[in-house]
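Trainee: Here it is, the structure, as C-alpha cells.
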Amino acid sequence: MANFRILLAGAAAAGLIGAAVPLAAHADEAVRSSAATGTDQIVVPYGDGHLYAADRANGQGDYCKWSGSDNNWRTCRDGGANPRNMHNRATQVDNQMTYDVKLYDGLGYGGAWRCMQSNTHYDNLSLGREVFNRGSGSGLGQSMNNRISSHSRSANC
C-alpha cells in the first residue's frame, strides 16, 4: 500500500513553513521510497488543482484524487488510475482545487455538508474538529471522519 504525502510548497510562499523540498516540481506526482517505512510515498506538488482524500491521517494509506465533482465516493481512482473506494473512509482531505468544494455526508450530494475552501487541508479528521455544519438531514453536527460520501464544486460557500 502506497503512502500519500503532500508537499506544501505553497505554504512556504505564505510564510507558513521555511522551506519546501522541490520534489516532483514538473510532474503531477512522483513515487519515492521511504527508508523509514520501507514503503512508497506518493508526493504531490501543492496547488495541483485536485481534491485528495486518504483513509488514514496525515495522507497515509489508500487515497483518491479528483479534478471535479463526484456524487459517489465508492468509485474513485488514485493518482495511478487504480480503482478505490473512499466512501465513508476518509480521515484526511486536501483541497488543492482552484475553487471551494462542499463535502457531503450522503451519496448524491445528500445530507448535511461542510464547505472546504480552496487550498485547505484537514490533516486528521479523527480528532473531531471538523463537523458537517450546514444543510440538514443525516450527519448534521457529526464529525466528518469516515463519513464523507460525495463532493461538489462551489464558486463560494
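Trainee: Quick check: anything in the stretch 7-24 modelled with pLDDT of 50 or more, of a type outside the set (Gly, Ala, Ser) and under 24 Å from residue 130 (Cα atoms)?
Mentor: No, because not a single residue in the stretch 7-24 is modelled with pLDDT of 50 or more, of a type outside the set (Gly, Ala, Ser) and under 24 Å from residue 130 (Cα atoms).
Trainee: Out of the stretch 130-157, which residues are among the hydrophobic types (A, V, I, L, M, F, W, C), in contact with a strand residue (DSSP E or B) (Cβ under 7 Å, 6 or more places away or on another chain) and in contact (Cβ under 8 Å) with a residue 24 or more places away in the chain?
Mentor: Selection gives 132, 140, 144, 148, 157.
Trainee: Okay, moving on. Which strands (runs of 3 or more DSSP E) does the stretch 113-157 wholly contain that include 1 or more residues that are aliphatic (A, V, I, L, M)?
Mentor: 113-116
Trainee: Could you please give the count of residues in the stretch 127-146 that are hydroxyl-bearing (Ser, Thr, Tyr) and either touching a Lys or Arg at 6+ places or on another chain (Cβ under 6 Å) or exposed (fewer than 14 other Cβ atoms within 10 Å of the Cβ) (or both)?
Mentor: Number of matching residues: 1.
Trainee: Next up: Are there strands (runs of 3 or more DSSP E) fully within the stretch 27-79 with at least 2 residues that are modelled with pLDDT of 95 or more? List them.
Mentor: In the stretch 27-79, 51-54, 63-66 are the strands (runs of 3 or more DSSP E) which contain 2 or more residues that are modelled with pLDDT of 95 or more.
The values are calculated or read from the model by the stated rules, or taken from the named source; none is laboratory data. Model, not experiment: these values are computed from the prediction. Every residue, glycine among them, receives a Cβ derived from its backbone with ideal geometry; neighbour counts consider all protein chains shown.
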